[in-house]
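> Before we start, here is the structure in question, set down as structure tokens.
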Ligand code: SF4
Ligand code: SF4
């Protein structure tokens, strides 16, 4: 079991989930410092399509990130809505590149 970040993160990507994760398993294609250096309202334009991902091999299924997410973008893998099921593989794939 793991948690998954869906594409609902895109457009918000505030990195709040990163701060509460006990095992530092949430990452994205942009370094956290670079992401946070850009005002939240400008991130969508500066980093089109940007979202974060959860490493399924490191996640300890605590749920802290899901509770913190303002975009309701994070689900347990069993609970990911049908429209976002592809995001399960996208999260795992990010960590195998
Ligand atoms: S808290 Fe939600 S919206 Fe913010 S970066 Fe994490 S998944 Fe994306
Ligand atoms: S469920 Fe817990 S361990 Fe897994 S990514 Fe979220 S905060 Fe981190």
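Read the figures in this text as sums done on the coordinates, not as results from a lab. Computed from a predicted structure; not experimentally measured. Cβ coordinates were reconstructed from backbone atoms using ideal geometry, including for glycine residues, and neighbour counts include every protein chain displayed.
> How much length, in nm to one decimal, is gained on full extension between residue 57 and residue 32, taken as 0.36 nm per residue of separation minus their Cα-Cα distance?
7.0 nm
> Next question. Give the average over all directions of the projected area of the C-alpha convex hull of the chain, one decimal, in nm².
Over every viewing direction, the Cα hull of the chain projects on average to 5.7 nm².
> Using per-residue counts of other Cβ atoms within 10 Å, averaged over each peptide, order 2-10, 72-80 from highest down.
Final packing ranking: 2-10, 72-80.
> Using 0.36 nm per residue, how much length does the chain from residue 45 to residue 64 gain when fully extended, once their Cα-Cα distance is taken away?
Gain on stretching residue 45 to residue 64: 4.0 nm.
> On a full-extension model of 0.36 nm per residue, what is the gain between residue 86 and residue 23, subtracting their alpha-carbon distance, rounded to one decimal in nm?
20.3 nm
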